[in-house]
Every structure is written in C-alpha cells, then in structure tokens.
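The values are calculated or read from the model by the stated rules, or taken from the named source; none is laboratory data. Note that the coordinates shown come from a computational prediction; the quantities given were computed from them, not determined experimentally. All Cβ positions, glycine included, derive from the backbone under ideal geometry; neighbour counts span all protein chains shown.
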C-alpha cells in the first residue's frame, strides 16, 4: 500500500460500454474510503470519451490511453492491485494470450510482473462461446481474480456473462489476501 496505508488501484475500463455506468458508484465509494485511483482505457473507450467524463472528474485526472503513459507505472510497483471493469471479451482474450496492445493491458502486464492481483469484472457476450477457453485459462492463472459473475440473460444471450459489480470491492479485498471471493459463479436475474 502507498503512503499512510492508502490503497492504490489501477482501474482499466474496456469496451463493454453499457456497463461503465455500473462502475461509477463503485469508484465513488472507493474514493470516499481514501483509495488512490488511476484510470486507464482501451481504444474503444477513447472513441467514447463522453462516457468517462464523470469518472475523470471524480478521480481528478484524465483517463490514460497510451501504452507509453501506462508503461511508467510498471517499474515503480505503483499499484497495489488492478481492477479491469468492465472487462470485455476482447480484453479477456488479449490478457489470456499475453497480448499487450493498449494502456489497460500494459498496466495489467506490469501488475502481474510485480506479483500483484488483477481483479476482472467481466462483461462479455461471448464468455461461454469461443471466448470460453480464454475465461478458463484466466480462472486458473496466478494473481487473476474475478468479481463473481453469471449469465445475465440465458434465454436471449446464452453465451453472455456479466459480473455482479456490487461485489467489486469485496472481490478486491479478497484478492489482496490472495483469495477468490466465492461463489465465483452466481445466478443472475434477467435484467
């Protein structure tokens, strides 16, 4: 942890754009607890900057979108952990296959290199489809933890999984103790 016990968290925001609004109250609550937060975004988020404007105002800095700007955080072991939420299927796939082509994945790579936890709040329409292999790969990976997730609409979107974002802070607390919050797979309502 940083100075005076301040928890320093990197938050990666990815292309599951409709879920960004669910992350806002979580970040607000973490800020009220005194956490230091830095935001990182993927190219998809950068194309929709208006969606993160409130978040930037809350944390009092702009989202970092370039690999070059993100890279400086690795060697310093700046963050205690990283939350990627919402974590799209695209980011899930790239993380599982060690692809580092944006700021979020650069910070994720540094977080793992520094032996610190990454917490994934997935939101993917394909997590039980072709992306299922990537999900399974990450479920058994060291220092990768999940916000509990379930099918958000099994009838109309049977391959879709979404995190219960209300469990994000609890998942972070467990990950900092090297534990996965259980149950990891939950029943979600069709909302």
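Return yes or no: is residue 85 in contact (Cβ under 8 Å) with a residue 60 or more places away in the chain and either farther than 30 Å from residue 128 by Cα or surrounded by 15 or more Cβ atoms within 10 Å (Cβ to Cβ) (or both)?
It is true that residue 85 is in contact (Cβ under 8 Å) with a residue 60 or more places away in the chain and either farther than 30 Å from residue 128 by Cα or surrounded by 15 or more Cβ atoms within 10 Å (Cβ to Cβ) (or both).
Among the residues of region 14-23 satisfying the criterion of being closer than 16 Å to residue 120 by Cα and part of a helix (DSSP H, G or I), which is modelled with the lowest pLDDT?
Across region 14-23, the extreme among qualifying residues is 17.
Can you confirm whether region 123-137 contains a residue that is assigned to a loop (DSSP other than H, G, I, E, B), more than 15 Å from residue 88 (Cβ to Cβ) and in contact (Cβ under 8 Å) with a residue 12 or more places away in the chain?
no
Within region 106-120, does at least one residue satisfy the condition of being loosely packed, with under 14 Cβ neighbours inside 10 Å, touching a residue at least 40 places away in the same chain (Cβ under 8 Å) and part of a loop (DSSP other than H, G, I, E, B)?
So far as region 106-120 goes, no, none of its residues is loosely packed, with under 14 Cβ neighbours inside 10 Å, touching a residue at least 40 places away in the same chain (Cβ under 8 Å) and part of a loop (DSSP other than H, G, I, E, B).
Name the residues in region 175-191 that are out of contact with any strand residue (DSSP E or B) (no Cβ under 7 Å at 6 or more places or on another chain) and either farther than 16 Å from residue 120 by Cα or crowded, with 16+ Cβ neighbours inside 10 Å (or both), would you?
181, 189, 190, 191 - these are the residues of region 175-191 that are out of contact with any strand residue (DSSP E or B) (no Cβ under 7 Å at 6 or more places or on another chain) and either farther than 16 Å from residue 120 by Cα or crowded, with 16+ Cβ neighbours inside 10 Å (or both).
Residues to consider are 11, 37; find the one that is in contact with a strand residue (DSSP E or B) (Cβ under 8 Å, 6 or more places away or on another chain), without any contact (Cβ under 8 Å) to a residue 40 or more places away in the chain and not in a helix (DSSP H, G or I).
37
Restricting to region 56-74, and then to whatever is touching a residue at least 12 places away in the same chain (Cβ under 8 Å) and farther than 14 Å from residue 46 by Cβ, can you tell me which residue is surrounded by the fewest Cβ atoms within 10 Å (Cβ to Cβ)?
So, considering only residues that are touching a residue at least 12 places away in the same chain (Cβ under 8 Å) and farther than 14 Å from residue 46 by Cβ, the one surrounded by the fewest Cβ atoms within 10 Å (Cβ to Cβ) is 61.
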